[in-house]
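Coordinate-derived values only; no laboratory data. Given the structure is predicted, the values throughout are model-derived calculations rather than measurements. FYI the Cβ positions are ideal-geometry reconstructions off the backbone, even for glycines, and counts take in every protein chain you see.
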Amino acid sequence: MAQSPINPKFSVIIAAYNGSSTLTSAIDSVLSQVYAAYEIIIIDDGSTDNTLAVVSEYGDKVRYHFQQNSGVSSARNKGAKLAQGDWLAFLDADDWYYPQRLQWHAELLQRSPSLDFLIGDYDYRGPDGGIIRRSIESNEFGMRILGTADEHDSVLLNIEQMGLLIPSYFGHTLTFSVPRKKFLALNGYAECYSIGEDLHLLIRLCAASYKAGVICQPMGAYYVHDSGLIRSIGIKAQFNTVETLSSLKQELSNAPFPIRNGFLIALRNARFDLATVLLKKGQYWQAIVSFLPSVSENFSWTSIRALLSIIKG
């Protein structure tokens, strides 16, 4: 299991691609942390705007690295390789941390130093900055977690609970903290996938972990906008999510049962979402065919009922 010092050193990695209009807010949110980051690393993923000029205003408060455009996973992985802290935290250029984001994870590690990784709640915010909803309240498992939080608004998850977390994932990259050594041992984010790469990493991480920590308070803000990748590519995002998750089937064949079962449920949910979109587009047979593998992979009444609902249209 991962071990942590009493005072974890967080290297915060900000991946940026033409995000100069929001990057200042992201950086400022890290600099305003109650528990100071050990370092802030900006990975400029081939920006053609004035990202460099924005970063230059901060001088030696941040580290800057430019790379040819290779995708957000590549940028995050590069940041991890450059990091000098023992724990990694991530942030996208259009999101931001709340002031106690790092403090809450540091304190949780001080109480439970053997945690393998940590996540937390976050707010969805619209273009006007207003809160749309909290992530942890978006599914049954998240609500159950809220009901078991301790006096520090934290919860510890064992392997069985991590299996339940996988298909109900309410965390996000901006709430994710992981030991640098563990992240590198898993080869970080899968650079061949641009959709679902965060869940792909979470599943692999759960398969290699024993205990995780959750902060049940919003730790930051995820900015919802129409130019986001998933929204901008429409149905292709559904196909890509299924492809990303399907790539793990062989790797997880010997994973602990709760983890593999949680993965298969997540894959089934992704296939059902794809089938639903296909039905709306009038592609009836393709919708059925796209879901069928989940019936054999995870045979259950839930899978059968889902297939029947697709057949009924």
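With a Förster radius of 45 Å, plug the Cβ-Cβ distance of residue 131 and residue 299 into 1/(1 + (r/R0)^6) and report the FRET value to the nearest 0.05.
E between residue 131 and residue 299, to the nearest 0.05, is 0.65.
Roughly how many debye, to the nearest 20, is the charge dipole of region 10-225 about its Cα centre, given +1 on each Lys and Arg Cβ, -1 on each Asp and Glu Cβ, and no other charges?
Dipole size: approximately 560 debye.
Want the number for residue 111 to residue 191: 0.36 nm per residue separation, take away the alpha-carbon distance, what's left?
25.4 nm
Considering amide H positions built from the backbone, and no H for Pro or chain starts, which residues 5 or more places from residue 90, or on another chain, come under 5 Å of its amide H?
It is 13, 176, by chain and number.
Could you work out, for the chain, what percent of all Cα-Cα pairs fall into each 10 Å distance bin, beginning at 0 Å and stopping at the bin that holds the largest distance?
Per 10 Å bin, starting at zero, the Cα-Cα P(r) for the chain comes out as 6, 26, 35, 24, 8, 1, 0 percent.
Please figure out what share of the DSSP beta bridges in the chain is antiparallel and state it in percent, rounded to the nearest 5.
If we restrict to bridges inside the chain, about 35 percent are antiparallel.
Please state the shape class of region 198-297: rounded when a/c is under 1.5, otherwise prolate if a/b exceeds b/c and oblate if not, all from the C-alpha gyration tensor.
Cα axes put region 198-297 in the oblate bin.
Past the 31 Å Cα-Cα mark, which pairs from 182/281; 211/281; 78/211?
With Cα atoms farther than 31 Å apart: 182/281; 211/281.
Helix-derived [θ] at 222 nm for the chain: sum -39500 (n - 2.57) over DSSP H runs of at least 4, divide by residue count, nearest 500?
-13500 deg cm²/dmol
In debye, nearest 20, what is the charge dipole magnitude of region 1-71 about its Cα centre with +1 on Lys and Arg Cβ and -1 on Asp and Glu Cβ, if you could check?
The dipole magnitude comes to about 240 debye.
Pulled fully out, how much extra length does the chain show between residue 247 and residue 84, if you take 0.36 nm times their separation in residues and subtract their Cα-Cα distance?
55.6 nm
For region 1-107, what size does the Cα cloud have along each of its three principal axes, sorted from largest down, in whole Å?
That works out to 41, 26, 22 Å along the principal axes.
Using θ = phi - 60° and the Karplus curve 6.51 cos²θ - 1.76 cosθ + 1.60, what whole-Hz ³J(HN,Hα) does each residue of region 44-50 get, with Gly and Pro shown as x?
Whole-Hz 3J(HN,Hα) from phi for region 44-50: 8, 8, x, 4, 10, 9, 9.
Where in the chain are the DSSP H helices whose C-alpha atoms run 27 Å or more along the long axis and whose mean Kyte hydropathy is at least 1.6?
Membrane-span-like by this criterion, though nothing is claimed about a membrane: none.
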